[in-house]
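K.L.:
Take this structure first; my questions come after.
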Amino acid sequence: MDLSIIIPLLNEEESLKELHDWILKVMRANNFQYEIIFIDDGSTDDSWKTITELAQSNPNVEGLRFKKNFGKSQALHAGFKAAKGNVVITMDADLQDDPEEIPELYRLIKEDKYDLVSGWKKKRFDSVLSKNMPSKLFNWAARKTSGVKLHDFNCGLKAFDKKVIKTIEVSGEMHRYIPVLAKNAGYGNIGEKVVKHQARKYGHTKFGMERFINGFLDLLTIWFVSKFGRQPMHLFGALGVLMFIIGFGFAIYLGVDKLFINPYGRLITDRPQFFIALTAMIIGTQLFLAGFLGEILIRSRKNETRYTISEEIGPESKAKEYSS
(Lines give C-alpha, C1' and ligand atoms only; values in the text may rest on other atoms or scores of the structure.)
Protein backbone atom coordinates (compact mmCIF):
# COMPACT_ATOMS: atom_id res chain seq x y z
CA MET A 1 0.00 0.00 0.00
CA ASP A 2 1.32 3.43 -0.94
CA LEU A 3 -0.27 5.71 1.62
CA SER A 4 -1.85 5.73 5.05
CA ILE A 5 -3.57 9.03 5.85
CA ILE A 6 -4.14 9.45 9.58
CA ILE A 7 -6.68 12.03 10.71
CA PRO A 8 -7.23 12.59 14.46
CA LEU A 9 -10.37 14.57 15.21
CA LEU A 10 -12.62 15.94 17.91
CA ASN A 11 -16.11 17.21 17.05
CA GLU A 12 -15.52 17.84 13.34
CA GLU A 13 -18.69 16.32 11.85
CA GLU A 14 -19.25 19.22 9.46
CA SER A 15 -15.89 18.93 7.72
CA LEU A 16 -15.37 15.15 7.52
CA LYS A 17 -17.26 14.35 4.32
CA GLU A 18 -15.80 17.33 2.49
CA LEU A 19 -12.31 16.36 3.63
CA HIS A 20 -12.86 12.74 2.59
CA ASP A 21 -14.08 13.72 -0.88
CA TRP A 22 -11.13 16.07 -1.33
CA ILE A 23 -8.63 13.36 -0.34
CA LEU A 24 -10.40 10.84 -2.58
CA LYS A 25 -10.06 13.20 -5.54
CA VAL A 26 -6.30 13.50 -4.94
CA MET A 27 -5.88 9.74 -4.49
CA ARG A 28 -7.66 8.96 -7.77
CA ALA A 29 -5.77 11.62 -9.69
CA ASN A 30 -2.45 10.08 -8.63
CA ASN A 31 -3.51 6.40 -8.71
CA PHE A 32 -2.45 5.86 -5.11
CA GLN A 33 -3.23 2.71 -3.20
CA TYR A 34 -4.31 4.20 0.11
CA GLU A 35 -6.20 4.00 3.36
CA ILE A 36 -7.76 6.80 5.39
CA ILE A 37 -7.79 6.24 9.14
CA PHE A 38 -10.04 8.54 11.14
CA ILE A 39 -9.43 8.53 14.91
CA ASP A 40 -12.40 9.94 16.81
CA ASP A 41 -10.89 11.25 20.03
CA GLY A 42 -14.08 11.15 22.11
CA SER A 43 -16.31 13.39 19.97
CA THR A 44 -19.70 14.33 21.42
CA ASP A 45 -21.27 15.29 18.07
CA ASP A 46 -22.11 13.02 15.10
CA SER A 47 -18.50 12.63 13.93
CA TRP A 48 -18.53 8.86 14.45
CA LYS A 49 -21.80 8.50 12.56
CA THR A 50 -20.23 10.35 9.63
CA ILE A 51 -17.11 8.17 9.76
CA THR A 52 -19.28 5.05 9.75
CA GLU A 53 -21.15 6.26 6.67
CA LEU A 54 -17.88 7.06 4.89
CA ALA A 55 -16.50 3.60 5.70
CA GLN A 56 -19.64 2.00 4.27
CA SER A 57 -19.28 3.91 1.01
CA ASN A 58 -15.49 3.65 0.70
CA PRO A 59 -13.70 0.38 1.66
CA ASN A 60 -10.43 2.31 2.05
CA VAL A 61 -11.79 4.20 5.05
CA GLU A 62 -11.15 2.92 8.57
CA GLY A 63 -12.19 4.41 11.89
CA LEU A 64 -11.12 4.16 15.52
CA ARG A 65 -13.31 5.58 18.25
CA PHE A 66 -12.00 6.40 21.72
CA LYS A 67 -14.27 6.01 24.73
CA LYS A 68 -13.39 9.56 25.79
CA ASN A 69 -11.03 12.36 24.86
CA PHE A 70 -7.49 11.05 25.44
CA GLY A 71 -5.65 13.71 23.43
CA LYS A 72 -4.08 14.08 20.02
CA SER A 73 -0.89 12.19 20.92
CA GLN A 74 -2.86 9.09 21.87
CA ALA A 75 -4.94 9.38 18.70
CA LEU A 76 -1.80 9.53 16.58
CA HIS A 77 -0.32 6.59 18.46
CA ALA A 78 -3.39 4.50 17.64
CA GLY A 79 -3.26 5.62 14.01
CA PHE A 80 0.45 4.82 13.71
CA LYS A 81 -0.19 1.38 15.15
CA ALA A 82 -2.92 0.67 12.62
CA ALA A 83 -1.19 2.17 9.54
CA LYS A 84 -0.17 -0.19 6.75
CA GLY A 85 1.06 2.23 4.09
CA ASN A 86 4.70 2.65 3.11
CA VAL A 87 4.32 6.40 3.56
CA VAL A 88 2.20 7.82 6.38
CA ILE A 89 0.59 11.25 6.20
CA THR A 90 -0.92 12.98 9.22
CA MET A 91 -3.31 15.88 8.83
CA ASP A 92 -5.98 17.69 10.82
CA ALA A 93 -9.68 17.24 10.16
CA ASP A 94 -10.67 20.92 10.14
CA LEU A 95 -9.91 21.53 6.42
CA GLN A 96 -7.01 23.84 7.27
CA ASP A 97 -4.56 21.31 5.81
CA ASP A 98 -4.66 21.00 2.02
CA PRO A 99 -4.81 17.40 0.64
CA GLU A 100 -3.29 18.70 -2.62
CA GLU A 101 0.05 18.75 -0.74
CA ILE A 102 0.01 14.96 -0.32
CA PRO A 103 1.58 13.92 -3.68
CA GLU A 104 4.64 16.12 -3.18
CA LEU A 105 5.03 14.98 0.42
CA TYR A 106 4.86 11.39 -0.81
CA ARG A 107 7.53 12.10 -3.43
CA LEU A 108 9.86 13.66 -0.87
CA ILE A 109 9.72 10.49 1.24
CA LYS A 110 9.92 7.95 -1.60
CA GLU A 111 12.28 9.66 -4.04
CA ASP A 112 14.29 12.10 -1.94
CA LYS A 113 14.54 9.52 0.85
CA TYR A 114 13.57 11.76 3.74
CA ASP A 115 12.64 10.01 6.97
CA LEU A 116 10.17 12.74 7.85
CA VAL A 117 8.90 15.88 6.13
CA SER A 118 7.09 18.48 8.22
CA GLY A 119 4.74 21.09 6.82
CA TRP A 120 5.49 24.77 7.33
CA LYS A 121 2.46 27.06 7.35
CA LYS A 122 4.43 30.12 6.32
CA LYS A 123 1.31 32.19 5.70
CA ARG A 124 -1.32 31.63 8.36
CA PHE A 125 -4.94 32.67 8.73
CA ASP A 126 -5.02 32.60 12.53
CA SER A 127 -5.18 35.38 15.09
CA VAL A 128 -1.83 37.19 15.29
CA LEU A 129 -1.87 37.74 19.06
CA SER A 130 -3.49 34.53 20.28
CA LYS A 131 -1.85 32.03 17.89
CA ASN A 132 0.74 33.40 15.46
CA MET A 133 3.03 35.24 17.89
CA PRO A 134 2.96 32.53 20.61
CA SER A 135 3.56 29.94 17.88
CA LYS A 136 6.65 31.77 16.61
CA LEU A 137 8.05 32.00 20.14
CA PHE A 138 7.29 28.34 20.76
CA ASN A 139 8.95 27.22 17.52
CA TRP A 140 12.04 29.33 18.24
CA ALA A 141 12.42 27.74 21.67
CA ALA A 142 11.89 24.25 20.20
CA ARG A 143 14.61 24.84 17.57
CA LYS A 144 17.10 26.10 20.13
CA THR A 145 16.42 23.32 22.62
CA SER A 146 16.13 20.34 20.28
CA GLY A 147 18.57 21.22 17.50
CA VAL A 148 15.94 20.30 14.88
CA LYS A 149 15.81 23.18 12.39
CA LEU A 150 12.08 23.40 11.60
CA HIS A 151 9.99 26.55 11.37
CA ASP A 152 6.68 24.94 12.36
CA PHE A 153 6.83 22.04 14.81
CA ASN A 154 3.09 22.08 15.46
CA CYS A 155 1.89 21.76 11.85
CA GLY A 156 -0.46 18.77 11.66
CA LEU A 157 0.47 18.02 8.05
CA LYS A 158 3.50 15.72 8.10
CA ALA A 159 4.81 12.78 6.05
CA PHE A 160 6.74 9.82 7.46
CA ASP A 161 8.53 6.80 6.19
CA LYS A 162 6.70 3.83 7.68
CA LYS A 163 9.73 2.68 9.67
CA VAL A 164 9.74 5.98 11.59
CA ILE A 165 6.19 5.76 12.91
CA LYS A 166 6.66 2.12 13.83
CA THR A 167 9.71 3.05 15.92
CA ILE A 168 8.89 6.24 17.81
CA GLU A 169 6.64 6.31 20.87
CA VAL A 170 4.18 9.24 20.97
CA SER A 171 2.78 9.74 24.47
CA GLY A 172 1.47 12.44 26.75
CA GLU A 173 1.30 15.64 24.69
CA MET A 174 4.39 14.90 22.63
CA HIS A 175 2.69 15.11 19.22
CA ARG A 176 4.20 18.59 18.91
CA TYR A 177 7.67 17.07 19.06
CA ILE A 178 7.40 14.08 16.73
CA PRO A 179 10.38 15.39 14.67
CA VAL A 180 12.45 15.54 17.86
CA LEU A 181 11.36 12.02 18.83
CA ALA A 182 12.35 10.84 15.35
CA LYS A 183 15.76 12.49 15.62
CA ASN A 184 16.34 10.94 19.04
CA ALA A 185 15.46 7.54 17.56
CA GLY A 186 18.16 7.95 14.92
CA TYR A 187 16.10 9.29 12.00
CA GLY A 188 17.94 12.51 11.29
CA ASN A 189 17.02 13.07 7.64
CA ILE A 190 14.22 15.51 8.42
CA GLY A 191 12.90 17.94 5.81
CA GLU A 192 10.42 20.76 5.64
CA LYS A 193 7.96 21.89 3.00
CA VAL A 194 5.99 25.12 2.79
CA VAL A 195 2.30 24.16 2.72
CA LYS A 196 -0.93 26.04 2.22
CA HIS A 197 -2.89 27.01 5.28
CA GLN A 198 -6.64 27.25 4.81
CA ALA A 199 -8.87 29.45 6.95
CA ARG A 200 -11.11 27.38 9.23
CA LYS A 201 -14.41 26.76 7.46
CA TYR A 202 -16.48 25.10 10.18
CA GLY A 203 -16.59 25.21 13.95
CA HIS A 204 -13.81 26.63 16.10
CA THR A 205 -10.38 25.63 17.29
CA LYS A 206 -10.20 23.01 20.04
CA PHE A 207 -6.95 24.44 21.45
CA GLY A 208 -6.57 27.50 23.64
CA MET A 209 -3.61 29.48 24.92
CA GLU A 210 -2.90 26.75 27.46
CA ARG A 211 -1.49 24.58 24.68
CA PHE A 212 1.55 26.89 24.46
CA ILE A 213 2.15 26.69 28.20
CA ASN A 214 1.84 22.92 28.02
CA GLY A 215 4.05 22.96 24.94
CA PHE A 216 6.91 24.68 26.74
CA LEU A 217 6.60 22.29 29.68
CA ASP A 218 6.66 19.36 27.27
CA LEU A 219 9.71 20.89 25.61
CA LEU A 220 11.57 20.78 28.93
CA THR A 221 10.41 17.20 29.39
CA ILE A 222 11.60 16.06 25.99
CA TRP A 223 14.93 17.86 26.47
CA PHE A 224 15.44 15.99 29.73
CA VAL A 225 14.26 12.66 28.31
CA SER A 226 16.45 12.96 25.22
CA LYS A 227 19.56 13.65 27.30
CA PHE A 228 18.96 11.73 30.51
CA GLY A 229 15.88 9.58 29.93
CA ARG A 230 17.87 6.36 29.66
CA GLN A 231 20.35 7.20 32.43
CA PRO A 232 18.82 9.66 34.95
CA MET A 233 21.64 8.89 37.38
CA HIS A 234 23.97 10.87 35.10
CA LEU A 235 22.07 14.05 36.02
CA PHE A 236 20.67 13.45 39.48
CA GLY A 237 23.67 11.44 40.63
CA ALA A 238 26.13 14.09 39.48
CA LEU A 239 24.15 16.91 41.10
CA GLY A 240 23.73 14.85 44.25
CA VAL A 241 27.44 14.13 44.55
CA LEU A 242 28.25 17.81 43.92
CA MET A 243 25.84 19.01 46.64
CA PHE A 244 27.06 16.38 49.08
CA ILE A 245 30.72 17.38 48.50
CA ILE A 246 29.83 21.04 49.11
CA GLY A 247 28.05 20.18 52.35
CA PHE A 248 30.78 17.80 53.48
CA GLY A 249 33.40 20.47 52.76
CA PHE A 250 31.60 22.96 55.01
CA ALA A 251 31.30 20.28 57.71
CA ILE A 252 35.05 19.58 57.62
CA TYR A 253 35.78 23.32 57.77
CA LEU A 254 33.56 23.68 60.84
CA GLY A 255 35.15 20.68 62.54
CA VAL A 256 38.70 21.82 61.93
CA ASP A 257 37.88 25.36 63.05
CA LYS A 258 36.23 24.15 66.25
CA LEU A 259 38.89 21.61 67.19
CA PHE A 260 42.10 23.39 66.27
CA ILE A 261 41.62 27.06 65.41
CA ASN A 262 38.94 28.52 67.66
CA PRO A 263 37.86 25.85 70.20
CA TYR A 264 36.33 28.37 72.62
CA GLY A 265 34.31 30.29 70.04
CA ARG A 266 30.57 30.12 69.51
CA LEU A 267 28.80 26.81 69.10
CA ILE A 268 28.87 25.13 65.69
CA THR A 269 25.04 25.11 65.63
CA ASP A 270 25.04 28.92 65.99
CA ARG A 271 27.00 29.36 62.77
CA PRO A 272 25.29 29.68 59.34
CA GLN A 273 27.86 27.34 57.77
CA PHE A 274 26.38 24.51 59.84
CA PHE A 275 22.97 24.87 58.22
CA ILE A 276 24.53 25.21 54.76
CA ALA A 277 26.45 21.99 55.32
CA LEU A 278 23.42 20.13 56.65
CA THR A 279 21.08 21.32 53.90
CA ALA A 280 23.56 20.62 51.10
CA MET A 281 24.23 17.06 52.31
CA ILE A 282 20.50 16.32 52.67
CA ILE A 283 19.72 17.68 49.18
CA GLY A 284 22.68 15.79 47.73
CA THR A 285 21.47 12.54 49.25
CA GLN A 286 17.93 13.12 47.95
CA LEU A 287 19.16 13.90 44.43
CA PHE A 288 21.31 10.77 44.41
CA LEU A 289 18.34 8.67 45.57
CA ALA A 290 16.13 10.27 42.85
CA GLY A 291 18.61 9.19 40.20
CA PHE A 292 18.88 5.72 41.70
CA LEU A 293 15.09 5.28 41.80
CA GLY A 294 14.84 6.59 38.23
CA GLU A 295 17.28 3.92 37.06
CA ILE A 296 15.25 1.23 38.83
CA LEU A 297 11.97 2.46 37.30
CA ILE A 298 13.40 2.50 33.78
CA ARG A 299 14.56 -1.08 34.14
CA SER A 300 11.29 -2.34 35.62
CA ARG A 301 8.58 -0.31 33.89
CA LYS A 302 5.89 -2.13 31.94
CA ASN A 303 3.58 -0.97 29.16
CA GLU A 304 0.50 0.74 30.53
CA THR A 305 -2.93 1.41 29.10
CA ARG A 306 -2.92 4.86 27.50
CA TYR A 307 -6.30 4.96 25.76
CA THR A 308 -9.35 2.77 25.26
CA ILE A 309 -10.99 2.21 21.89
CA SER A 310 -14.72 1.51 22.03
CA GLU A 311 -15.33 0.79 18.34
CA GLU A 312 -13.38 0.09 15.19
CA ILE A 313 -14.53 -0.01 11.60
CA GLY A 314 -12.67 -0.97 8.47
CA PRO A 315 -12.42 -3.61 5.75
CA GLU A 316 -10.69 -6.16 7.98
CA SER A 317 -12.17 -5.44 11.39
CA LYS A 318 -15.33 -5.87 13.38
CA ALA A 319 -16.54 -3.57 16.09
CA LYS A 320 -14.62 -4.47 19.21
CA GLU A 321 -13.30 -3.06 22.44
CA TYR A 322 -9.70 -3.23 23.55
CA SER A 323 -6.99 -1.23 25.21
CA SER A 324 -3.56 -0.20 24.03
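The values are calculated or read from the model by the stated rules, or taken from the named source; none is laboratory data. Just so you know, these numbers come straight off a predicted model, no measurement behind them. Positions of Cβ are backbone-derived with ideal geometry, glycine not excepted, and every protein chain shown enters the neighbour counts. Remember, those area values only see protein heavy atoms, side chains included, never the ligands or the DNA or RNA. Shrake-Rupley method; radii C 1.70, N 1.55, O 1.52, S 1.80 Å.
Here's the yes/no breakdown for (1) touching a strand residue (DSSP E or B) at 6+ places or on another chain (Cβ under 6 Å); (2) farther than 28 Å from Asn30 by Cα:
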residue	(1), (2)
Pro103	no, no
Tyr106	yes, no
Met133	no, yes
Lys163	no, no
Glu173	no, yes
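K.L.:
Residues of the range 27-47 being within 19 Å of Ala83 (Cα to Cα) and not in a loop (DSSP other than H, G, I, E, B), which ones?
P.N.:
Passing the criteria: Met27, Tyr34, Glu35, Ile36, Ile37, Phe38, Ile39, Asp40.
K.L.:
Kindly list, by first and then second residue, each pair from a residue in the range 26-44 that is free of Cβ contacts under 8 Å to residues at least 24 places away in the same chain and among the polar types (S, T, N, Q) to a residue that is open to solvent by 20 Å² or more (accessible area, probe 1.4 Å) and part of a loop (DSSP other than H, G, I, E, B), limited to pairs with Cβ atoms under 9 Å and residues at least 6 apart or on different chains.
P.N.:
Listed pairs, sorted by first residue: Asn31/Asp2.
K.L.:
Let me ask something else about it. Being assigned to a helix (DSSP H, G or I), over 23 Å from the mean Cα position of the chain (by Cα), touching a residue at least 40 places away in the same chain (Cβ under 8 Å) and closer than 18 Å to Ala75 by Cβ is the requirement here; does Trp22 meet it?
P.N.:
So Trp22 fails the test.
K.L.:
Let me ask something else. Would you confirm whether or not the range 47-65 contains a residue that is within 27 Å of Asn214 (Cα to Cα), under 26 Å from the mean Cα position of the chain (by Cα), open to solvent by 20 Å² or more (accessible area, probe 1.4 Å) and at pLDDT below 95?
P.N.:
No: zero hits.
K.L.:
May I pose another question? Going by what's in this entry, would Gly215 be described as modelled with pLDDT of 80 or more and either assigned to a loop (DSSP other than H, G, I, E, B) or small (Gly, Ala, Ser) (or both)?
P.N.:
Numbers: modelled with pLDDT of 80 or more: no; either assigned to a loop (DSSP other than H, G, I, E, B) or small (Gly, Ala, Ser) (or both): yes.
Taking the combined requirement at face value, the residue does not satisfy it.
K.L.:
Taking Glu312, is it modelled with pLDDT of 85 or more and either under 32 Å from the mean Cα position of the chain (by Cα) or part of a strand (DSSP E or B) (or both)? Write out each step before concluding.
P.N.:
Working: modelled with pLDDT of 85 or more: yes; either under 32 Å from the mean Cα position of the chain (by Cα) or part of a strand (DSSP E or B) (or both): yes.
So Glu312 fits the description; yes.
K.L.:
Pick from Ile102, Ile23, Ile5, Ile89: which is modelled with pLDDT of 95 or more, of a type in the set (A, V, I, L, M) and in contact with a Gly (Cβ under 9 Å, 6 or more places away or on another chain)?
P.N.:
Numbers: Ile102 fails: in contact with a Gly (Cβ under 9 Å, 6 or more places away or on another chain); Ile23 fails: in contact with a Gly (Cβ under 9 Å, 6 or more places away or on another chain); Ile89 fails: in contact with a Gly (Cβ under 9 Å, 6 or more places away or on another chain).
That would be Ile5, the only listed residue that is modelled with pLDDT of 95 or more, of a type in the set (A, V, I, L, M) and in contact with a Gly (Cβ under 9 Å, 6 or more places away or on another chain).
K.L.:
For the range 262-276, how many residues are within 55 Å of the chain's Cα centre (by Cα) and of a type in the set (Ser, Thr, Tyr)?
P.N.:
1
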